[in-house]
Every structure is written in structure tokens, then in C-alpha cells.
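Colleague: Sharing a structure here in C-alpha cells format.
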Amino acid sequence: MLNISNNPVAKKIDFSTFKSSKNIFHKNYYKSLNKFLLVFGLLGLIILFLPWTQNITGKGIVTTLTLDQRPQDIQSQIPGRIEEWFVREGDLVQKGDTILRISEIKSEYFDDRLIERTNMQINAKTSSVNAYQYKVEALNRQIVALKQERVLKTAQLQNKLLQSKLKVKSDSIEFEAAKTNIKIAERQYQRTVTLEQEGIYSVKDVEEKRLKLQETQAKLISQENKLLAAKNEVLNAELELTRIGAAFADKISKSQSDMFTAKSSGYDAEVQVSKLENSNSNYKVRNSLLYVTAPQSGFINKAIKGGIGGTFKEGESLVGIMPQKYDLAVETFVRPIDLPLLHIDEKVRVQFDGWPAIVFSGWPNVSYGTYGARVIAIERFISSNGMYRILLAPDETDHTWPEAVRVGSGARTIALLEDVPIWYELWRQLNSFPPNYYQPEGGTKGKSDAKK
């Protein structure tokens, strides 16, 4: 009976006659309730003014501090067939220990004497390269000899041409002298004929002069023939000089062509030798890859490709290994809205799965079972889960992390921010405001008033 009607029941009924009414409206009961509410109200008011540490919580996993300490899968660089295992799961192996032996599955590598035969091919091609080099040297010597012979032949023909030119000059002089002699002979013959007509010379004298004139004419013709022959020898010498130059140029060009062909063949042989040597090195390295070894000291986690006789492709994972020595770290994820509140070397509390802990996120001093950490890396790009990845390392100034914690186990992280009153934190949570923006010590502090 709430007594909220316009017609109050209390005016018509006397509640004091009822036993329950006497118990409820007893004066002493009012005093106890008021005292309880007053104490509760004062206690709640005091609690509202207690300090509360703003924080950013996140979930993550235990990992390792450096990349080379994280669990990894061992792959084979070549395809093959599993022949023999040398380890078991959980075994401790050292760096370089053999894990398993494999065999080839490609037909081009089945030959057991592949490297030996390749070496024989290399030796044969190397001999071919040397032969081409000898041929080039021989052709070089031949070219040098031809050039020297051309110089000598040219000098010889030039001397012959000079002699022919001098002979032409000599014959020209003799030809001019013959012309002069015939003129003299003609005048003498004419004088003799005139004197014979006058009776001074006899017919015999005239015939002698005529004979002498004919001899002079014959000598003139002979000298002219000699001159023409000498000129012809000059032309022949010049023609021979040109022919010799062309002939030697052709011989030298042919020798040079043969030399360049030999060089080209030698270079091609060197390329083949280089390819064979490259193949030989690849074969040697490939043979060493038939034994899969441990890249570092650690424990064998799991055989991904088990059994004997199973085949696999290159790059396929065969077995997992966990490094023997590693430094623990925690990777956690925070919302993009909380990312500006985190900085490098920020203090963070970590709770590991399986370790009892009593956590008061706003009162870190009374929390139990958490361990100190600090931020060492903040991801620059958002992860696939829509959050940013944060890497945490142990805090050297806090308690040492448990040795029994294993990589891959879960963890819960609490990043501690500023101290604010509880009433302010409640008001912020009710209004879905972000925590106060701040920067760590040493930086410029700045608060964004959530009320604004």
C-alpha cells in the first residue's frame, strides 16, 4: 500500500492497530536506518574523492624480445624426399646439428658423378679457351709479319719507281740528244748534196752522209722507244705499288678477321666455362643441402613433415624449433583512441595466464601478482584486428618475470596513466570520454579537459 492515491487510505484506516505497522513505523527502527544510510553515504562520499589511476588495458601474448629468438620453422631450399631422421620432438640440438637427411627427386640431379663430370667439362672448355688464345697470338704474329713485309715491299717498289723515273729522265735526255743529232745529220747531208752538185764532194761522200742520216733517224726512233718503255716501267711500278698495298691490306684484314673470330670463340668458351663453374658450385651447395641442419641452438618443437619417404617442395616447412636462449617480452594490442597516450619507456603492469593475481587496475599499489614492464616499440601501422601492436620488455627496476612463463602464453596488460579522483573517473566512464592526455616526465605535459 503505497498511499499515493488522491483518496488516502490512512484517513480511513488506523495502521497502529496492525502488528506489522507497529514494527515498521517504530521510532527506534528509523534511527538505525538513518544511521546506516548516513554512514554509507559518508563512506561513499569519501571513496569518491580517493585517488584512481587511469589505465589502458589490453590482451596479448608472451613472445621474445628479438626476432632471432622467436620460434621458427625449418625449411628446405630444395625439393626432396625424406630419407632419415636424426632427432626426436623435444630434443635439444646445437647450431649445425643434422636434423634429417633428404634425397633428390629431380632426374637431372640423379647422377652420382655429376660434379666429377662437370669438372671434366670445365677442363675441356678451359683447354678450348687456351687453344683460342694461342690461335689469337699466332694470328697477331702473322699480322705483324705481314705489316713488316708490306713495309719492305713498299720500300722496294718505291725504289723501283724512283729508278724508273730516273731512267725516264735519262732516256728523255738521250732522246733530245738524238733529235739534235738528226738535225745536224740533215744539215750535213744537205751541205754534202749541195757541194756534190758543185763538184766539190763526190757521190760517195753524199751516200756516206745519207747513210749517217738514216742511222741517226734509226737511233732517234730507238731512243723514243726507250723513253716510252721507261715511262711504261714507271706506270707499271706505280701499278705494282698499288697492287701490293691492296694485296697486303687484304691479307692483313683476313688475318685480323680470323683473329677477331678466334677471340669471339674464346670469349664464348669462357662464358661456357663460367656457366659450368657456376653449375658446379650450385651442385656442391645442393649436395650440402641434402642434410638439413639446425640454424641455431634450441629445442625441436614438432615435426611438421613426418615419416620416411615423404616428398616436399622447396620452401616447405619440415620441423619447428624453439631457440634455447631467449629474452621474454609481451606483445599487446591497444585501441587507436588510446595510442597517443602510450610512449616509449612507459611503465606497464603485466598479468600472466596461470599466475594467481589480485588486480585493482586503478590501485596498482594494492595489486598482487603483476609484474613490471616498459614499452620498447609501438607499431606504426594498424594490425588486421583493428588495433595497434605494442611490444613490452621486462622492467629491470621491478620484480623479475617468472622463469616458468613460456612463449605463446596469454597475458593481460595495464598501462598506468594519471591519478584522478574516483568521481572524475566515474563521470568520464559514464560519458565515454578518453583518459586524460599526458606525456611522460621529461616531455611537455598537457591535459585535455574531458568536461570540455
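We did not get these values from a lab; they are worked out from the coordinates using the rules stated. The model shown is predicted, which means the values in this text are computed figures rather than measured ones. We place every Cβ from the backbone using ideal geometry, glycine too, and count neighbours over all the protein chains shown.
Colleague: Would you please state which residues of segment 70-112 a label at ASP327 would reach in this model, taking the label point 7 Å out along Cα→Cβ and a backbone N cut-off of under 17 Å?
Modeller: Only 70-71 pass the distance filter.
Colleague: Another question about this same structure. Could you order peptides 264-270, 84-90 by the average number of other Cβ atoms within 10 Å of their residues, highest first?
Modeller: Averaged packing, sorted descending, gives the order 264-270, 84-90.
Colleague: Place a point 7 Å from Cα of ALA229 in the direction of its Cβ. Which residues in segment 160-179 have their backbone N less than 16 Å from it?
Modeller: 164-175
Colleague: When the helix-only estimate is applied to the chain (DSSP H runs of n ≥ 4, each -39,500 (n - 2.57), divided by the residue count), what is the mean residue ellipticity at 222 nm, nearest 500 deg cm²/dmol?
Modeller: -17000 deg cm²/dmol
Colleague: Where does each of 419-427, 347-355 land if you order them by average Cβ count within 10 Å, highest first?
Modeller: 347-355, 419-427
Colleague: Using label points projected 7 Å from each Cα along Cα→Cβ, tell me how many nm separate THR397 and ILE378, to one decimal.
Modeller: Label-label distance for THR397 and ILE378, simple model: 1.9 nm.
Colleague: Which helices, counted as full DSSP H runs in the chain, have an axial Cα extent of no less than 15 Å and a Kyte-Doolittle average of 1.0 or above?
Modeller: 27-48
Colleague: Can you order the peptides 228-239, 34-45 by their average number of other Cβ atoms within 10 Å per residue, highest first?
Modeller: With the highest mean Cβ count within 10 Å placed first, the list reads 228-239, 34-45.
Colleague: Further, regarding this structure: Once you charge only the Cβ atoms, +1 for Lys and Arg and -1 for Asp and Glu, what is the size of the charge dipole of the chain about its Cα centre, to the nearest 20 debye?
Modeller: For the chain, the charge dipole is close to 1420 debye.
Colleague: Give the calculated FRET efficiency between GLN75 and LYS347 to the nearest 0.05, with a Förster radius of 56 Å applied to their Cβ-Cβ distance.
Modeller: 0.90
Colleague: Using unit Cβ charges (K, R positive; D, E negative) and no other charged atoms, how large, in debye to the nearest 20, is the dipole of segment 114-287 about its Cα centre?
Modeller: Rounded to the nearest 20 debye, it is 680 debye.
Colleague: Which distance in nm do the two modelled labels at LEU166 and LEU290 give, with both placed 7 Å along the Cα-to-Cβ direction?
Modeller: About 8.5 nm separates the two model spin labels.
Colleague: Further question: Using the 10 angstrom Cβ neighbour count as an exposure proxy, how do SER172, SER76 rank, fewest first?
Modeller: So the residues, fewest neighbours to most, are SER172, SER76.
Colleague: Excluding GLU331 itself, what net charge comes from residues whose Cβ is under 12 Å from its Cβ, given Lys and Arg +1 and Asp and Glu -1?
Modeller: The answer is +2.
Colleague: Moving to a separate point now. For segment 327-343, in order, what is each residue's ³J(HN,Hα) by Karplus, 6.51 cos²θ - 1.76 cosθ + 1.60 with θ = phi - 60°, in whole Hz (x at glycine and Pro)?
Modeller: 10, 6, 8, 10, 10, 10, 10, 10, 6, x, 5, 8, 4, x, 8, 9, 9
Colleague: Of LEU392, ASN301, GLY80, which is farthest towards the positive pole of the chain's charge dipole, taken about the Cα centre with +1 and -1 on the beta-carbons of Lys, Arg and Asp, Glu respectively?
Modeller: After comparing all options, I get LEU392.
Colleague: How much length is gained on full extension from GLN197 to SER127, taking 0.36 nm per residue of separation minus their Cα-Cα distance?
Modeller: Values: separation 70, 0.36 × 70 = 25.20 nm, distance 10.19 nm.
Extending this stretch completely gives an extra 15.0 nm.
Colleague: Positive end of the charge dipole of segment 114-287 (Lys, Arg +1 and Asp, Glu -1 on Cβ, about the Cα centre): tell me which of LEU239, VAL129, SER279 has its Cα farthest that way.
Modeller: Positive-most Cα among the choices belongs to SER279.
Colleague: Starting from 0.36 nm per residue, how many nanometres of slack lie between ASP68 and ALA218 once their C-alpha separation is accounted for?
Modeller: On the way: separation 150, 0.36 × 150 = 54.00 nm, distance 11.62 nm.
Length gained, ASP68 through ALA218: 42.4 nm.
Colleague: Using modelled amide H (1.01 Å from N, peptide plane; none on Pro or chain starts), what sits under 5 Å from the amide H of THR293, excluding residues fewer than 5 places away?
Modeller: For THR293, whose amide H was placed from the backbone, the distant partners under 5 Å are ILE99.
Colleague: Here's another thing I want to ask about it. Could you please report the charge total around PHE49, scoring K, R as +1 and D, E as -1 over all other residues with beta-carbon less than 14 angstrom from its beta-carbon? Could you put the intermediate results ahead of the total?
Modeller: Numbers: positive: none; negative: ASP419, GLU425.
Counting the neighbours of PHE49, the net charge comes to -2.
Colleague: A follow-up question, please. Set the Förster radius R0 to 25 Å, insert the Cβ-Cβ distance between GLN429 and ILE47 as r into 1/(1 + (r/R0)^6), and round the FRET efficiency to 0.05.
Modeller: Details: r = 15 Å, r/R0 = 0.61.
Between GLN429 and ILE47 the formula returns 0.95.
Colleague: Could you state the per residue volume, in Å³, of the convex hull enclosing the Cα atoms of the chain?
Modeller: 462 Å³
Colleague: Rounded to whole Å, give me the distance from the Cα center of segment 266-326 to that of segment 39-93.
Modeller: Distance between centres, Cα-based: 31 Å.
Colleague: Let me ask you something else. Summing Lys, Arg as +1 and Asp, Glu as -1, what charge do residues with Cβ under 13 Å from the Cβ of ALA237 carry, ALA237 excluded?
Modeller: +3
Colleague: Moving on. Given 0.36 nm per residue, what is the gain on full extension from GLU314 to LYS251 after removing their alpha carbon distance, in nm?
Modeller: Taking GLU314 through LYS251 to full extension adds about 16.8 nm, to one decimal.
Colleague: Assuming R0 = 41 Å, what is the FRET efficiency of GLU240 and SER274, from their Cβ-Cβ distance, to the nearest 0.05?
Modeller: Values: r = 50 Å, r/R0 = 1.23.
Step by step, r from the Cβ atoms, then E = 0.25.
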